[in-house]
1. Taking 7 Å along the Cα-to-C-beta vector as the label spot, tell me the Asp11-Phe52 distance in nanometres, rounded to one decimal.
2. Among Phe96, Phe52, what's the order by accessible area (1.4 angstrom probe), most exposed first?
3. On full extension of the chain, what length is gained from Asn106 through Ile26, given 0.36 nm per residue of separation minus the C-alpha to C-alpha distance?
4. Output wanted: per-residue J couplings in Hz (rounded whole) for segment 37-49, from phi through Karplus 6.51 cos²θ - 1.76 cosθ + 1.60, θ = phi - 60°, x for Gly and Pro.
5. Taking K and R as +1 and D and E as -1, what net charge do the other residues with C-beta under 15 Å from the C-beta of Lys86 add up to?
6. Just to confirm, what accessible area per residue do you get for the chain at 1.4 Å probe, in whole Å²?
7. Report the gain in length on full extension from Ile38 to Lys97: 0.36 nm times residue separation, minus Cα-Cα distance, nm rounded to one decimal.
8. For the chain, just say rounded, prolate or oblate: build the C-alpha gyration tensor, square-root its eigenvalues into a ≥ b ≥ c, call rounded for a/c under 1.5, and beyond that prolate if a/b exceeds b/c, oblate if not.
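The values are calculated or read from the model by the stated rules, or taken from the named source; none is laboratory data. Please read all numbers here as calculations on a predicted model, not as lab measurements. So basically every Cβ, Gly included, is an ideal-geometry build from the backbone, and we count neighbours across all protein chains shown. Ligands, DNA and RNA are stripped out before the accessible areas are found, and what is left, the full protein with its side chains, is counted by its heavy atoms. Shrake-Rupley method; radii C 1.70, N 1.55, O 1.52, S 1.80 Å.
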Amino acid sequence: MWLKQHMKCSDSCFAIALIYIDTVNINCDRMRIDGTCIHRLFVTGLMLAAKFYDDVFYKNKYYARIAGVSNKEINKLEYQLLVMLKFKLVVDPQVFKIYKNQLKDNFLS
């Protein structure tokens, strides 16, 4: 998977990014997730997960290049996602286990 290779984050970050997206989808009525924003939202979720959970992460400029956006835009996306998550990046371990198993069974194996 191209994104996995270039993001250089743990497999756990993929599950956490999906949890972030689902949390936004459930809690933010004004946010409509569709094909035009999912790529940016997912990369931003991966970036936040890597920064919060991984020991090694990169500057926003690096993630911006992967997402195909400017550094200014990735900074804005990061802030917007943090606001939509109410700055709560900790994921419930049981929820994480469910998402991680689903990814493992369907995509990461």
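1. In this crude spin-label approximation the distance works out to 2.1 nm.
2. On the way: Phe96 55, Phe52 100 Å².
Result of the area sort, largest leading: Phe52, Phe96.
3. Contour length minus the Cα-Cα distance gives 26.5 nm.
4. 10, 5, 4, 5, 5, 5, 4, 5, x, 4, 4, 4, 4
5. Charge balance near Lys86 sits at -2.
6. Each residue of the chain exposes 64 Å² on average to a 1.4 Å probe.
7. Length difference between fully extended and current span is 19.0 nm.
8. Rounded shape, in that the Cα axes give a/c under 1.5.
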